[in-house]
Amino acid sequence: MAAQIWGSEKRARRRREISAKIAQMPELHDSKPLPFMTREEKIMESARKLTILTEKMGQIIDPTDPAELYHLNNEVLGLEGNPMALHGVMFIPALSAQASDEQQAKWLPRALRREIIGTYAQTELGHGTNLQNLETTATYDLATQEFVLHTPQITALKWWPGNLGKSSNYAVVVAHMIIKAKNYGPHPFMVQLRDEKTHEPLPGITIGDIGPKMAYNIVDNGFLGFNKYRIPRTNLLMRHTKVEADGTYIKPPHAKINYSAMVHVRAYMLTGQAIMLASALNIATRYSSVRRQGQIDKSQPEVKVLEYQTQQHRLFPSIARAYAFQFAGAETVKLYEHVLKEMKSGNVSLMADLHALTSGLKSVVTYQTGEGIEQARMACGGHGYSMASYISEIYGVAIGGCTYEGENMVMLLQLARYLVKSAALVKSGQSSKLGPLVAYLGVKSEPTSLIDRIPNSGFTEYVKTFQHVSKRQTLKAADMFFGLMEKGEKREIAWNKCSVELNRASRLHTRLFIVEAFVRRVNEIADIRIKEALTDLLHLHVNYELLDIASYALEDGFLSASQLDYIRDQVYLYLGKIRPNAVSLLDSWEFSDIELRSVLGRRDGNVYENLFKWAKSSPLNKTDVLSSVTQYLKPMMEKARL
Ligand SMILES: CCCCC/C=C\C/C=C\C/C=C\C=C\C(=O)SCCNC(=O)CCNC(=O)[C@H](O)C(C)(C)COP(=O)(O)OP(=O)(O)OC[C@H]1O[C@@H](n2cnc3c(N)ncnc32)[C@H](O)[C@@H]1OP(=O)(O)O
Ligand SMILES: Cc1cc2nc3c(=O)[nH]c(=O)nc-3n(C[C@H](O)[C@H](O)[C@H](O)COP(=O)(O)OP(=O)(O)OC[C@H]3O[C@@H](n4cnc5c(N)ncnc54)[C@H](O)[C@@H]3O)c2cc1C
């Protein structure tokens, strides 16, 4: 099963080997539990481990393999980020995709050797979503052949970029490029921020940390202002766009090609989200099979809380989602790598499809991951609320994904633009022009679902039902939009008035893709036992998801009330079938105790003793009487007694 999750037996084996090596290297372990550290201590601890990793990485992993690097990071540095998180996640990908060969030769080896630390600085205090209204300017000075970076007002301060505040000394900065008074829109520039020897900010740069956040507090998300700060013309990233010495602008082959670093993260973050969901579920499911509370049959002893159907209903559909996201994420990464290769050789025709797909997936996956992790926390009762469970940290990190790389509603609306264009093709009789991901929009469906009518139909009838609801909602939302425009409404106003319906279509389309990716994967599996276990999970997934969106299928009679009862019964049937495999389905992800960082989710199940040990190690317990008591509470009580 681990081979299915991680992509191959070799990958699963390598993960195990890497975890085993890390287990033997105490210098790479947290020196004390992260929740007991201050933010400064955590950053220091992370930097300490990071430098050891830079030295010893080659002994543990193949540093050129992103999957091994990701695993090493998760084990050693953890989810809360690290002082170089953005260096790998966005700085290097931005340089790789947007810098010319000559620029790459100059900067990439230095970045890869970690001679310099970089980040991606795009979002500002006043604007994050609407890139057209970013306010930082890069004005070309023809006389000196330099760009002058400037922050005209406080809202133009860069705000949020990870590791910008304290750790990075370089950044890819996105600024509006102005040449001879003409604004060419946002473009990426390579900018040195700090002196390489002293790490002091360079003159003309104002920089710092934006303060503590809901989670991710090891990352020094930062602010950055420029006061007429000059960089050479050749620091504009010039793989796709060029500016010649005389100010001549050569436009890129696709208007949005400079957005590729964002698409990179949107594609790769899906499996990251799946891992976080599976981690929280691993903790909750293990704990639920240790925790005994109450009886189902009063004549019997107390049961493990995992025996309760409500507990299974709370956890198991999310287990199915974690697998579904992992499989959909793996497919998306493959597609991304393919499109990137094509883009590098000048073919930009697949960018729109990839943008639409990753926009929808990013939104649905992060939202449902957040939901699943929060349910996992509640499933652990009181102990879930303790930082000893570590679930709250996983939650805080995971839901950051609903916001970064494009706020979820906004990204769903990006997918909706693609769906509406596709609907227009269907309406004008041009279904043959639909791309493969939306081809179903042009296919006539049966009048009613055959879900419970065709025995042994595999998952075909389910897929058809998902296709039907997605198609219907897409065409309905598109009709609403076209209808408003026909009535004379301006395009943008009509769009806004339909945007809730449009986003519903985007969610349904994305959920269909996730179901299809799961079905594709299960169909590929040769090992009978693995196939059986995953088929059970897929049954739970399709029935649970369908129940969740049933109103769309009920409103036009595609599903009947009796079919809904059938689907509900299937959910209960598969909850019971999955119960014996539940812990194994999560243990198959092979998270080590070091990686999980959870007292509650320990592999050995020795929860209570370790919770007590954890509580005793709280800094508050170093002394029996705190100074808050001697200074304030004790005098107060004494005064009251007089
Ligand atoms: C390697 C491992 C990675 C693991 C990762 C795990 C964890 C990550 C950890 C921590 C977080 C780290 C980093 C976070 C970083 C950031 O958040 S960086 C900042 C991200 N910011 C955003 O995402 C901003 C969101 N806004 C946008 O993307 C754009 O403004 C928006 C697309 C909303 C609109 O752009 P705009 O230029 O204004 O668009 P127009 O209205 O002019 O045009 C829309 C048309 O353009 C098409 N389009 C837009 N984007 C793309 C694209 N990327 N590719 C292809 N096409 C694109 C769009 O489809 C429209 O086309 P039509 O007009 O409909 O044909
Ligand atoms: C943990 C974290 C890490 C980050 N790291 C980085 C980084 O490394 N580099 C970087 O540059 N940035 C980074 N960011 C910033 C992040 O990319 C932005 O916050 C994000 O893109 C959302 O933009 P915003 O803050 O402007 O939200 P807003 O756009 O102000 O969103 C507020 C509300 O307005 C709604 N809204 C906005 N526009 C529309 C619209 N057109 N239609 C409908 N609704 C709309 C949204 O849906 C939302 O409900 C990070 C953010 C976080 C939380």
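The values are calculated or read from the model by the stated rules, or taken from the named source; none is laboratory data. A quick note: this is a predicted structure, and the numbers were derived from the prediction, not measured. Every residue, glycine among them, receives a Cβ derived from its backbone with ideal geometry; neighbour counts consider all protein chains shown. SASA here: full protein model, heavy atoms, side chains in, ligands and nucleic acids out. Shrake-Rupley method; radii C 1.70, N 1.55, O 1.52, S 1.80 Å.
The table below gives the values:
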| quantity | calculated |
| --- | --- |
| Sites Thr198 and Arg579, calculated FRET efficiency, Cβ-Cβ separation with R0 56 Å, nearest 0.05 | 0.40 |
| Count of lysine pairs in the stretch 2-82 with Cα separation under 17 Å (8 or more residues apart, or interchain) | 5 |
| Helical contribution to [θ] at 222 nm, DSSP H n ≥ 4, -39,500 (n - 2.57), averaged over the chain, rounded to 500 | -17000 deg cm²/dmol |
| Relative contact order of the chain, defined on C-alpha pairs under 8 angstrom at six or more residues apart (%) | 13 percent |
| Apportionment of accessible area to carbon and sulfur, the stretch 413-476, percent (1.4 Å) | 57 percent |
| J(HN,Hα) series, the stretch 489-498, from Karplus relation 6.51 cos²θ - 1.76 cosθ + 1.60, nearest Hz, glycine and proline x | 6, 5, 3, 5, 5, 4, 4, 4, 5, 9 |
| Spin-label pair Leu564/Phe482, simplified geometry with 7 Å Cα→Cβ offset, distance in nm | 3.0 nm |
| Percent RCO, i.e. relative contact order, over the stretch 237-356, from Cα pairs under 8 Å lying at least 6 residues apart | 26 percent |
| Karplus (6.51, -1.76, 1.60) ³J(HN,Hα), θ = phi - 60°, over the stretch 154-170, in Hz, Gly and Pro reported as x | 4, 5, 8, 4, 4, 8, 3, x, x, 6, 6, x, 10, 8, 7, 10, 9 |
| Listed pairs Lys256/Lys421; Lys362/Lys464; Lys166/Lys344; Lys166/Lys613 exceeding 27 Å between Cα atoms | Lys166/Lys344; Lys166/Lys613 |
| Whole-Å distance, taken between Cα centres, linking the stretch 478-555 and the stretch 45-120 | 36 Å |
| If the convex hull is drawn through the Cα atoms of the stretch 2-82, its volume per residue in Å³ | 94 Å³ |
| For the stretch 167-278: rounded, prolate or oblate by the Cα gyration tensor [a/c cutoff 1.5] | oblate |
| From phi via Karplus (6.51, -1.76, 1.60), per-residue ³J(HN,Hα) for the stretch 115-127 in Hz, x at Gly/Pro | 6, 10, 10, x, 9, 10, 10, 10, 4, 10, 4, x, 8 |
| Ratio of Rg to Rh over the chain (Cα coordinates, Kirkwood Rh, two decimals) | 0.99 |
| Lysines whose Cα lies under 28 Å from that of Lys298, excluding same-chain neighbours fewer than 8 positions away | Lys577 |
| Accessible area (Å², 1.4 Å probe, nearest 10) - Met238 | 20 Å² |
